[in-house]
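Bear in mind these aren't lab numbers, they're just calculated from the coordinates by the rules spelled out. Not measured: the values here are computed from a predicted model. Positions of Cβ are backbone-derived with ideal geometry, glycine not excepted, and every protein chain shown enters the neighbour counts.
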Amino acid sequence: MNTPNTALRALLMRFATPLLALLLVVGLAACGGGEDADMEDDMAADTTEMMEESMETNTIVDVAVNDGRFTTLVDALQRTGLAETLQGDGPFTVFAPTDSAFAALPEGTLDGLSDEELTNILTYHVVNGSMMADAVGGMQMIPTAQGTDLSVTAGDDGSVMINDANVVITDIQADNGVIHVIDAVLMPPADEDAM
C-alpha cells in the first residue's frame, strides 16, 4: 500500500534528478560566463593600456626605432646618451641619415670616434624647435644644437639639400618634433672653421 510519504518520495525522486542536473548546468554556465566576462574585461584593459603607452611614446626616438631605417642612428644616439634628450619635451627637428647613409661612410668611421666626437656629429643633425619642410626650404642657414650652421639649398624643382645631403623624405611627425630624412651623414666643420 502506498502511503502519502511513499508517493511523495517517489515523485521527488522522479523529478529531483533532472531538476538537480538543470540547476547544475545553469550554475556552471553562470560561472563560466563570469570568467569569460572577466577575461574579456582584462583583455580590454590590456589593450587600452597598450594603446595609451603607444600614444605616450611617440617621440623622435620612438618614431626612428619603429621606422626601421635608422638603426645606426638610434644606436649612436643611445651610445652618447642623446636618445634620452630626444625623448624629452623638445620640440626638435632632426635631419636623420638612414642606415645606408651611415654605411656609405668609410669603414670604421663611427667605431673610431670618441663619444664626444660622435656627440658633436649627432648634434649637428639636430635643430632646436620644430621646422616643417616649407620653413626649411625657405632658409639659407639653420643653426644646430652643435653650435654651427647647416646650409640649405632649395632647387627650383622643390628639392632641398642640407649641406651635401639630399632631403629625401620630409615632415615625419613625432610628439616632440619632426624628422626629415637625408641620404648622407652631415659632418660639422673642423673647429677652426666653427663660428
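Miscellaneous remarks
- In region 54-86, residue surrounded by the most Cβ atoms within 10 Å (Cβ to Cβ) [restricted to those that are under 18 Å from ASP111 (Cβ atoms) and β-branched (Val, Ile, Thr)]: THR80
- Scan of region 143-195 for residues that are among the polar types (S, T, N, Q) and more than 23 Å from the chain's Cα centre (by Cα), ordered by number: THR144, GLN146, THR148, SER151, THR153, SER159, ASN163, ASN166
- Residue match in region 96-114 (condition: surrounded by 13 or more Cβ atoms within 10 Å (Cβ to Cβ), assigned to a loop (DSSP other than H, G, I, E, B) and in contact with a helix residue (DSSP H, G or I) (Cβ under 7 Å, 6 or more places away or on another chain)): yes
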